[in-house]
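One structure below.
The values are calculated or read from the model by the stated rules, or taken from the named source; none is laboratory data. None of the values given here were measured: they were computed from a predicted structure. For neighbour counting, all protein chains shown are included, and Cβ atoms are generated from backbone atoms with ideal geometry for every residue, glycine included.
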Amino acid sequence: MERHEEVLIALRQIIRAIDIHSRQLNKETGLTGPQLVLMKAIQELGQVTIRQLSIHTNMSQATATTILDRLEKRGFVSRVRSEVDKRKVHAHLTENGEKAMEQAPRLLQDSFISRFQGLEHWEQSLLLSSVQRVSSMMNAENIDAAPMLEVQSLTDPLLTNANS
């Protein structure tokens with residue numbers, strides 16, 4: 001097997017691992033990775049605006065808003081207009097949202113982060129450089145992507161909105 005084939009196989013394995021974890025997460029919780037990431041951010045930041053959420057999670061505001069709409073319909077999140085500045089809307093976890101977060105399994109990226117941080121600094125730099133080079137070779141460096149490990153369908157409206 002040639003080296004380029006080995007690299008492509010490794011990339012497919014990574015994509016497949018993300019997909020399997022995402023499906024398992026959705027099956028266990030009924031929530032997607034991005035939904036859990038936003039809920040976790042709300043839990044960590046407390047009273048937070050959509051703009052702050054999008055910055056904290058590296059999502060576009062349109063994507064964060066779409067996800068929040070879905071979470072609000074399911075009763076996990078509520079949005080409340082600021083008493084201080086009526087132009088601002090803050091997202092809050094509901095009681096159901098808090099319960100969902102207590103029962104939610106660890107996100108794949110959390111496991112990755114702890115293992116990555118366990119590497120020597122030079123290994124981290126080498127991996128980062130290599131992955132960035134692969135991204136560049138695939139002309140993917142300008143694709144909007146958040147640091148969450150989630151595979152989305154090409155027909156998923158969130159993927160379409162991510163570049164808005």
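Structure notes:
- Checked against the criterion of being β-branched (Val, Ile, Thr), surrounded by fewer than 12 Cβ atoms within 10 Å (Cβ to Cβ) and modelled with pLDDT of 85 or more, the candidates 80, 131 yield just one match: 80.
- As a summary of the residue check, residue 146 satisfies the conditions (1) at pLDDT 90 or above; (2) surrounded by 11 or more Cβ atoms within 10 Å (Cβ to Cβ) except for the one numbered (1).
- Picking from residues in region 83-92 that are of a type outside the set (Val, Ile, Thr) and in contact with a strand residue (DSSP E or B) (Cβ under 6 Å, 6 or more places away or on another chain), the one that is modelled with the lowest pLDDT is 88.
- Within region 21-39, the set of residues being surrounded by fewer than 19 Cβ atoms within 10 Å (Cβ to Cβ) and not in a helix (DSSP H, G or I) comprises just one member, 30.
Yes/no matrix, rows are residues, columns are (1) more than 17 Å from residue 104 (Cβ to Cβ); (2) in a helix (DSSP H, G or I); (3) in contact (Cβ under 8 Å) with a residue 12 or more places away in the chain:
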{"site": "19", "(1), (2), (3)": "yes, yes, yes"}
{"site": "62", "(1), (2), (3)": "yes, yes, yes"}
{"site": "75", "(1), (2), (3)": "no, no, yes"}
{"site": "79", "(1), (2), (3)": "yes, no, yes"}
{"site": "83", "(1), (2), (3)": "yes, no, no"}
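- Residue under evaluation residue 17, criteria (1) modelled with pLDDT of 85 or more; (2) surrounded by fewer than 12 Cβ atoms within 10 Å (Cβ to Cβ), criterion not met: (2)
- Residue count for region 10-55 under the criterion of being small (Gly, Ala, Ser) and out of contact with any helix residue (DSSP H, G or I) (no Cβ under 7 Å at 6 or more places or on another chain): the result is 4.
- Among residues of region 112-122, those that are part of a helix (DSSP H, G or I) and out of contact with any helix residue (DSSP H, G or I) (no Cβ under 9 Å at 6 or more places or on another chain), counted: 6
- Selection status of residue 102, in a helix (DSSP H, G or I), surrounded by fewer than 13 Cβ atoms within 10 Å (Cβ to Cβ), of a type in the set (Asp, Glu) and at pLDDT below 90: yes
- Considering region 40-60, and only residues there that are outside any loop (DSSP other than H, G, I, E, B) and touching a residue at least 24 places away in the same chain (Cβ under 8 Å), the residue that is nearest to residue 98 (Cα to Cα) turns out to be 43.
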